[in-house]
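The structure appears below as structure tokens.
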Amino acid sequence: MDTDSAMEVDLTGGSASAEPSLPENNSPDLMREGFKYFKRRKPPPDLSNVIDFDQCEAGGLHGNVKPYQVLIPDDRTAFQELGLVHPQEWKAFSLESHPGMILLRNPFTAAGQRHWAGRCVRDLPGHPNKTNLDAQGLLPPGGNWWKHCLDGVDWERLKKLRWVTLGFHHDWETKLYNLCDRSPFPSDLARLASLLAGCVGWPSYSPEAAIVNFYHSDSTLAPHTDHSEWDMTAPLLSLSFGQSAVFLLGGRDRSQAPVALYLRSGDVLVMTGPSRLSYHAVPRLMPATDARWHDGKRKLSADCCGQPKLARVAAAANGDVTHHRDVIRCECESGGRGGGGGTDPVIEYLSRSRINVNVRQVFPRGLMLRPEDP
């Protein structure tokens with residue numbers, strides 16, 4: 001794979017028991033045709049039939065779109081600490097044509113988006129996690145890619161980062177997980193993913209692996225299914241930050257015509273049940289029409305003011321420095337300034353690129369690994 005070209009990464013393949021089916025000899029590959037149509041530049045595709053969940057929220061439900069009722073846990077503090085508004089304020093949707101697909105329309109605060117985007121670009125690309133930079137020898141051992149590029153304000157070099165794998169590392173050649181190839185899964189991301197999964201009916205979700213993809217300008221993601229995990233009943237969570245994308249969701253084989261929908265910054269796509277093994281792709285990036293990471297009016301909740309600050313003060317008093325640092329500030333604490341305008345490099349990155357975090361549970365819940373396994 002040439003990681004310096006437009007990213008069209010084929011992630012298909014994996015365990016033999018879940019091999020995706022291709023169209024029969026006389027069946028058209030409608031998934032590929034849809035991908036090529038929305039990818040093309042001249043003439044540009046007609047986007048009028050792309051499902052827009054912003055319009056659905058305003059009351060204009062597409063015929064295929066239905067409201068989805070999320071579950072509301074009791075722990076309000078967890079949402080505040082993870083940069084989420086309370087689930088009572090969430091807007092969630094499903095598709096009649098694709099049972100099991102759930103779209104959470106931006107459950108994040110603006111500060112939450114900036115925090116998680118910062119985690120993805122500043123903290124995660126480096127040892128012990130794996131990146132596409134490793135094979136190219138672009139980053140010295142122990143180096144920080146974000147600092148390495150920002151010291152010289154080298155945005156073009158920054159774009160060379162295409163993916164990071166966390167937890168059980170996905171092998172791009174075999175499309176399998178190796179029990180001996182594993183790094184610690186980030187505890188804060190695990191907490192976030194578990195909370196989101198619980199809100200859509202999976203209270204025992206166990207995040208064990210993730211792929212963070214970085215899209216730039218004409219990057220694309222080719223049609224594929226995610227079927228390398230041993231447990232494919234657990235949901236796949238996909239978090240988007242930054243620029244918008246046209247996302248295609250098809251069926252169990254390529255002969256089913258895909259539906260197209262917009263994914264915008266802060267949106268969380270959950271694939272469960274029948275949709276868990278559906279073909280999907282990202283043929284096109286779109287400029288973000290609303291910089292949700294700047295939305296200073298969207299606070300954690302109506303009674304949020306002071307709560308995150310109090311949590312940090314209490315944690316600091318107890319000597320819990322890590323907790324004190326990681327609790328995400330609400331907009332009300334920063335005066336609604338949206339994180340310092342355009343001077344923050346993370347905000348600049350979000351205005352240019354798209355970050356997609358895909359979280360998976362690899363093994364069935366309760367599976368015991370051998371003591372010698374990591």
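The values are calculated or read from the model by the stated rules, or taken from the named source; none is laboratory data. This is a predicted model, so every value here is computed, not measured. Note: ideal-geometry Cβ built from the backbone for every residue, glycine included; neighbour counts use all protein chains shown. Note: areas computed on protein heavy atoms with side chains; ligands, DNA, RNA excluded. Shrake-Rupley method; radii C 1.70, N 1.55, O 1.52, S 1.80 Å.
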Ser217 accessible area, 1.4 Å probe, all protein chains in place, Å² to nearest 10
70
Sorting Asp226, Asp218 on solvent-accessible surface, 1.4 Å probe, most exposed first, gives Asp218, Asp226
Of all the accessible heavy-atom surface of the stretch 78-118, with the other protein chains kept in place and a 1.4 Å probe, what percent is carbon and sulfur?
41
At 4 °C and 1.567 mPa s, grab the translational diffusion coefficient of the stretch 88-208 from Stokes-Einstein with a Kirkwood Rh over Cα pairs, rounded to a whole number in µm² per second.
77
Nearest-10 value in Å² for the accessible area of Met286, using the 1.4 Å probe
40
Spatial separation of Cα centroids for the stretch 177-235 and the stretch 28-88, in angstrom
19
Filter the trypsin sites (Lys or Arg not before Pro) in the stretch 28-132 to those in DSSP coil with at most 10 other Cβ atoms within 10 Å of their Cβ, and list the result.
Arg41
In the stretch 233-291, carbon and sulfur make up what percent of the accessible area (probe 1.4 Å)?
55
Along the Cα-to-Cβ line of Leu71, 7 Å from the Cα, sits a label point; which residues in the stretch 183-217 have backbone N less than 19 Å from it?
190-208
To the nearest Å², the heavy-atom accessible area per residue of the stretch 84-188 with 1.4 Å probe amounts to 43
May I ask you to list the GluC sites (Glu not before Pro) in the stretch 167-273 that are in a DSSP loop and have at most 10 other Cβ atoms within 10 Å of their Cβ?
Glu173
What's the magnitude of the charge dipole for the stretch 22-173 around its Cα centre, counting Lys and Arg as +1 and Asp and Glu as -1 at the beta-carbon? Answer in Debye, nearest 20.
560
Taking the Cβ-Cβ separation of Met286 and Glu33 as r and a Förster radius of 25 Å, what is the calculated FRET efficiency to the nearest 0.05?
0.80
In nanometres, the difference between 0.36 nm per residue of separation and the alpha-carbon distance of Asn178 and Ser217 is 10.8 nm
